[in-house]
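J.: Right, I'll just put the structure down here and ask away after.
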Amino acid sequence: MLSTQPSDEDDQYVLVAKVDNARNVSNILKAVHFKERELATVFASENGLKVTVEDAKCVQANAFIQTGVFQEYNMTVDTTTFKINLSILLSCLNIFGSNPASAGGATPALKMCYGGYGTPLMLMLEENGVVTDCHIKTLEPDETLDFNFNSTNVINKIIMKSECLKDAFQELDMTSEVLEILMSPDKPYFRMSTFGNAGSAYSDFPKDSDMVEVFQCTQTQTNRYKLVLLKPTVKALMLCSKVSIRTDHRGFLSLQYMIRNEDGQICFVEYYCSPDEECDEDYEEDR
């Protein structure tokens, strides 16, 4: 088993993190893995890791892995940031396989080290006495999108258990270009609609449902979001136990998923998505 005791060699790194079960890290990262050869920006601070992925200038996903997930987490600087190929990182984390261990079975331990600007991210994984070292090239980080999603500008907020939302997403017509979300203080309260080849379809969620834990809607809002941009959020939805759905005064959407890992710790994955008309404006500007 990888030692959780600091060693003299660790002094050369700005970040050293160790976890007894590497899947507690890889499962969260899978929830923000949009596509192959995808680059992610890693922000490390004393609070843990934030891994950010963006697509089409209209959607951003953030995976938060708090320090409590790790058995050891040490930094010699306040913050450090780097960009990395997320597909390669996940391949390395799952080098011993990605299936959950059977009862009493071994889980891969992970030691992760980063030496600062321009150095590779070093991973050491150990399972049943077999140790594998991986060095992954890091890149200079770009500035990430600022969706300026401020809690003071939130118009509507719903927190609900994930079960019913999972069923609704599985029934969505994926031939639809958009997902329409209606949130209102009046009926139908919360509605998701699609407009596909087979016609229109919708799912309603009453505010007094046992599945709804918080319902704070101040005004009726109807916004459309490109369904292709929201499809990756299903990965996080399948892992989570609760979902927070918020919209601000511009119609920007925040989806926050509370995910409990194999050891019981809680992590969060959050998606920001701009409404469809904002996407269209960005595409026009890029032309």
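The values are calculated or read from the model by the stated rules, or taken from the named source; none is laboratory data. Here the structure is a predicted model, which is why all the values come from computation and not from measurement. Cβ atoms come from the backbone with ideal geometry, glycine included; neighbour counts cover every protein chain shown.
J.: Working only within segment 14-33, note down all residues that are in contact with a strand residue (DSSP E or B) (Cβ under 7 Å, 6 or more places away or on another chain), crowded, with 19+ Cβ neighbours inside 10 Å and not small (Gly, Ala, Ser).
T.: Leu15, Val16, Lys18, Val19, Val25, Ile28, Leu29, Val32
J.: Taking only pairs six or more apart or across chains, which ones have beta-carbon atoms under 7 Å, a first residue in segment 233-251 that is without any contact (Cβ under 8 Å) to a residue 60 or more places away in the chain and buried (at least 18 other Cβ atoms within 10 Å of the Cβ), and a second residue that is of a type outside the set (Phe, Trp, Tyr) and part of a strand (DSSP E or B)?
T.: Qualifying pairs under 7 Å: Gly251/Gln221; Gly251/Asn223.
J.: Quick one: how many residues across segment 145-173 are crowded, with 17+ Cβ neighbours inside 10 Å and assigned to a loop (DSSP other than H, G, I, E, B)?
T.: Adding up the residues that qualify gives 3.
J.: Within segment 22-42, can one find any residue that is among the β-branched types (Val, Ile, Thr), modelled with pLDDT of 95 or more, in a loop (DSSP other than H, G, I, E, B) and within 26 Å of Thr144 (Cα to Cα)?
T.: No, every residue in segment 22-42 fails to be among the β-branched types (Val, Ile, Thr), modelled with pLDDT of 95 or more, in a loop (DSSP other than H, G, I, E, B) and within 26 Å of Thr144 (Cα to Cα).
J.: Right, next: Filter segment 1-18 for residues that are within 24 Å of Asn261 (Cα to Cα) and modelled with pLDDT of 95 or more and give the result. Outline the logic, then answer.
T.: Here is the first cut: in segment 1-18, the residues within 24 Å of Asn261 (Cα to Cα) are 1-5, 15-18.
Passing the criteria: Leu15, Val16, Ala17, Lys18.
J.: On to the next question. Please determine, by comparing only the residues of segment 51-95 that are touching a Phe, Trp or Tyr at 6+ places or on another chain (Cβ under 6 Å) and surrounded by fewer than 18 Cβ atoms within 10 Å (Cβ to Cβ), which one is nearest to Thr107 (Cα to Cα).
T.: That would be Thr67.
J.: Against the condition free of Cβ contacts under 8 Å to residues at least 60 places away in the same chain and among the aromatic types (Phe, Trp, Tyr), how does Phe169 come out, does it pass? Even if it seems obvious, please write down each step before you answer.
T.: Numbers: free of Cβ contacts under 8 Å to residues at least 60 places away in the same chain: no; among the aromatic types (Phe, Trp, Tyr): yes.
Answer is no for this residue.
J.: Condition first: of a type in the set (Ser, Thr, Tyr) and at pLDDT 95 or above. Now tell me which residues in segment 133-149 satisfy that.
T.: The answer is Thr138, and nothing else.
J.: Answer yes if at least one residue in segment 125-144 is closer than 30 Å to Gln221 by Cα and not in a strand (DSSP E or B), and no otherwise.
T.: Of all residues in segment 125-144, those closer than 30 Å to Gln221 by Cα come to 144.
Checking which are not in a strand (DSSP E or B) leaves us with 144.
Taking every residue of segment 125-144 in turn, at least one turns out to be closer than 30 Å to Gln221 by Cα and not in a strand (DSSP E or B).
J.: Quick test of your reading of the structure: Val77 fulfils all but one of (1) under 18 Å from Asn94 (Cβ atoms); (2) of a type in the set (Val, Ile, Thr); (3) in contact (Cβ under 8 Å) with a residue 60 or more places away in the chain. Name the failing condition by number.
T.: (1)
J.: Is there a residue being in the same structural domain as Ala201 (by TED's automatic domain parsing), more than 19 Å from the chain's Cα centre (by Cα) and surrounded by 12 or more Cβ atoms within 10 Å (Cβ to Cβ) anywhere in segment 123-133?
T.: Filtering segment 123-133 down to residues in the same structural domain as Ala201 (by TED's automatic domain parsing) leaves none.
No; the residues of segment 123-133 include none that is in the same structural domain as Ala201 (by TED's automatic domain parsing), more than 19 Å from the chain's Cα centre (by Cα) and surrounded by 12 or more Cβ atoms within 10 Å (Cβ to Cβ).
J.: A further question on this structure: From the set of residues in segment 134-143 that are buried (at least 17 other Cβ atoms within 10 Å of the Cβ) and of a type outside the set (A, V, I, L, M, F, W, C), which is nearest to Leu182 (Cα to Cα)?
T.: Looking at the filtered set, the residue picked out is Pro141.
J.: Report whether or not Val212 is crowded, with 17+ Cβ neighbours inside 10 Å and outside the structural domain of Asn27 (by TED's automatic domain parsing). Write out each step before concluding.
T.: Values: crowded, with 17+ Cβ neighbours inside 10 Å: yes; outside the structural domain of Asn27 (by TED's automatic domain parsing): yes.
Judged against the criteria, Val212 is a match.
J.: For Gly116, only one of the following conditions fails: (1) touching a Pro at 6+ places or on another chain (Cβ under 9 Å); (2) at pLDDT 95 or above; (3) on the phi > 0 side of the Ramachandran plot. What is its number?
T.: Unmet condition: (1).
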